[in-house]
Each structure stands twice: as C-alpha cells, then as structure tokens.
Amino acid sequence: MSAGPLDDRPTSAAPLVLLSGFEPFGGMDHNPSWDVVTAVAARAAAGQSSLPGAPEVRPLRLPVAFGQAPRLLDEAVEAAVVEGRPPAAVLALGLAAGTDVVRLERVGVNLRDARIPDNAGAQPADEPVVEGGDGALFSTLRLKAAHTRISAANIPVQLSLSAGSFVCNDVLYSLLHGLRVRGLEIPGGFVHVPDLRDPLSPVSLEGAVEAVEILLEETLHGGADLATPGGSLH
C-alpha cells in the first residue's frame, strides 16, 4: 500500500516518533545506541520527557546488516502510515566507537563500502545504496538549532558531514530516499553516539539521552533550522 499525505493523520492521536538503534556488532556485547533508544522511549512512556505534544516514542532495534536494517525501518514507517499515524519524526541512532562527541549527521551518501563485514557477513565495496539514486541526501531534522542547545547544556556535540559508508549510512540514506520518493514530509535523520559504557567517554548515557531529546524537541517544534554558520574547514 502506498503512503498517503501527512494531512491524513488523525488530530486526536498523540504524535508518533520512530526511534531506532542497533544490535551489537564488531565483537562488542552491547550497542549504546540501543541503550539511548530504550531510555528515551521509557522516559516518554512515563511522561518524564519534555517532548512537545507528549508523543509516543516507538523503539525499533535494527540488525547491523546492509539492506535488512533500512528495510525494517522503512517497513516501520509504512506500518505507521497505514495505521493512520504518519510519524512526526524518524530518528535513527548508531554507534561511532572511538569518538568522544554526539555526532549530528547532516548527510547520507549513496555508497556502501564496508571496512568490516556486517553481522550477516556482507562486505560490499563501492556499491550504491540505491541504484540510480542521488549522490547524497541531507537530514531534514533541525540539527543546527539542536546543536546550539546541546552545546549550551555542556554535552560534547558535533555537526558531522559523514555518517561513514557502513550500515549507519545505509540506514540514513535509505530513510531520506524513501521519505522523498513517497512524498512524505516527515523529518528524518541520524545521530551517532560514542561508546557510552566506556569509563573514559566524556558523554554519559544521561547526556546522550538529553541530546536526543533536545533534537527531537527542536524537530517537533517545526520550522526552518537556524541559518547560523556551522560548517568545518576540512
């Protein structure tokens, strides 16, 4: 069934936010992205978050597998549309081990180039995410507005121009492509978090949860993003 316009959303229903994280990969026994997802969803369910409109935050755990992960997220978006509740926002989270900031990803690229195999054993090299698709697609979340507030809260944060070329980027690009070809004006994007269980991480689980909630708050409020300079020189 094809997705309909956002105007079909019932006005009586609470807004719906789809929030995804990943299973462990690369020999790790945990994935902090899923820790953040479950914490944000639990806070929303308990009425403890400050998200406008008291949305339902629907968690989704994705496999670290090319093709499979974006397909499951796409199916979740479609199911919500069929349910009559097109998401107010779709945010995917992933782990960027070795980093020390929350990374707000600005762009997904149409490239699969895996340094390590995914959890299904696939290791594509220089393949497109979507054959014939645009070279890159940009996040539609209010990243700069969120970045300003997250930074003010003393949470290490960065506007990032690369989500890599592994499964995280696969999910980001596929999400943005799918929303666009369906004509759905749903804000979507991706955030990388450090290994929050590492005792040396400058970002705590609580800090990452706060950062994600700030990004969702800004996005759910709507409107154009801040037009302040925030690019990098190299």
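The values are calculated or read from the model by the stated rules, or taken from the named source; none is laboratory data. Since the structure is predicted, the reported quantities are computational estimates derived from the model, not experimental observations. Don't worry about glycine lacking a Cβ; one is built from the backbone with ideal geometry, like all the others, and counts go over all protein chains shown. Just the protein is used for accessible areas: all its heavy atoms, side chains included, with ligands, DNA and RNA removed. Shrake-Rupley method; radii C 1.70, N 1.55, O 1.52, S 1.80 Å.
Numerical summary
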read-out	value
Derived scalar couplings ³J(HN,Hα) [segment 127-136; Karplus, 6.51 cos²θ - 1.76 cosθ + 1.60; whole Hz; x for Gly, Pro]	10, x, 5, 10, 4, x, x, 4, x, 8
Options Leu184, Pro124, Ser162, ranked by Cα towards positive dipole end of the chain, top entry (Cβ charges)	Leu184
Pair Ala54, Asp29: separation of 7 Å Cα→Cβ label points (nm)	4.0 nm
Relative packing of 158-165, 140-147, 112-119, which averages over residues the other C-beta atoms within 10 Å, highest first	140-147, 158-165, 112-119
Under the Karplus curve 6.51 cos²θ - 1.76 cosθ + 1.60, θ = phi - 60°, whole-Hz ³J(HN,Hα) for segment 17-34, x wherever Gly or Pro sits	10, 8, 10, 10, x, 10, 6, x, 7, x, x, 7, 9, 8, 9, x, 4, 6
Surface share of carbon and sulfur [accessible, 1.4 angstrom probe, percent] for the chain	52 percent
Accessible area per residue, Å², segment 87-189 with all protein chains present, probe 1.4 Å	41 Å²
Rel. contact order, % - alpha carbon contacts under 8 angstrom, at least six apart, segment 1-143	28 percent
Neighbourhood charge, 14 Å Cβ-Cβ cut-off, centred on Glu210 and excluding it, Lys, Arg +1 and Asp, Glu -1	-3
